[in-house]
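See below for the structure under consideration.
The values are calculated or read from the model by the stated rules, or taken from the named source; none is laboratory data. Note that this is a predicted model, so its numbers are computed, not measured. Don't worry about glycine lacking a Cβ; one is built from the backbone with ideal geometry, like all the others, and counts go over all protein chains shown.
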Amino acid sequence: MGKLYLYWDPPCANAMSSSALDFVTGTLMEDKAEVQQMRLHPEARNWPKFLRTKTGISAMFAHSIFPKTAYPDLAIYAQALPDIEDFLSFVNDLFSYYKEELAGEDTNYVAIRAKVSANPPLRVVSDLVDEVTRYHEDILAMLSDHPQAVRRWREFVQSYLGFHLSVSRYRLSELGF
């Protein structure tokens, strides 16, 4: 992880390192039987996102989009980073939903958020589509003064979506994608 600092601004490299450690922590937490079996309290509205943030490594991906050689000014994209992280996590959750639903998984983000919010899973999926759309629009707006950053974001999104659509583990070809 020390080489991250060669390519990314120190705050970004730190966030990427922290994201890797959070992933280990979140995965350990998520795999514990008592966590999988705990009763979800209706007031624990932040629990699904907390666990998702830990296990999703989206901060690592978000901070990697803008290497310091091309984007030496962190202020160009810093405000967009929280939305980029959520966009990446929730896009992954949307693409994962089909295979997880077929497998009967009930410890994924959609299922946990559905339980905590007392909404059906498909309502959560619909809400996520709206949220992802809003995040993308907001990110474009935040980057709009910097055409190179907008172009980089669009290229990244295209690759990120293309990756998910092409990987067989998501089983999206069964849906015609």
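Residues in segment 161-177: is at least one under 13 Å from the mean Cα position of the chain (by Cα) and at negative phi? Yes: segment 161-177 contains one or more residues that are under 13 Å from the mean Cα position of the chain (by Cα) and at negative phi. Counting only residues that are charged (D, E, K, R) and over 20 Å from the mean Cα position of the chain (by Cα), which one in segment 6-41 is farthest from Val116 (Cα to Cα)? Among them, the one singled out is Asp9. Contact annotation: residue pairs with Cβ atoms under 9 Å, 6 or more positions apart or on different chains, pairing a residue in segment 133-145 that is farther than 13 Å from Ile84 by Cβ and acidic (Asp, Glu) with a partner that is in a helix (DSSP H, G or I) and modelled with pLDDT of 95 or more, are Asp145/Ile76.
Phe50 meets the conditions (1) touching a residue at least 12 places away in the same chain (Cβ under 8 Å); (2) surrounded by fewer than 21 Cβ atoms within 10 Å (Cβ to Cβ); (3) within 12 Å of the chain's Cα centre (by Cα) in every case but one. The failed one is (1).
Among the residues making up segment 68-114, those that are among the small types (Gly, Ala, Ser), surrounded by 16 or more Cβ atoms within 10 Å (Cβ to Cβ) and closer than 24 Å to Trp153 by Cβ are Ala80, Ser89, Ser96. Taken over segment 146-177, the criterion of being loosely packed, with under 12 Cβ neighbours inside 10 Å and touching a residue at least 12 places away in the same chain (Cβ under 8 Å) is satisfied by Arg169, Glu174, Leu175.
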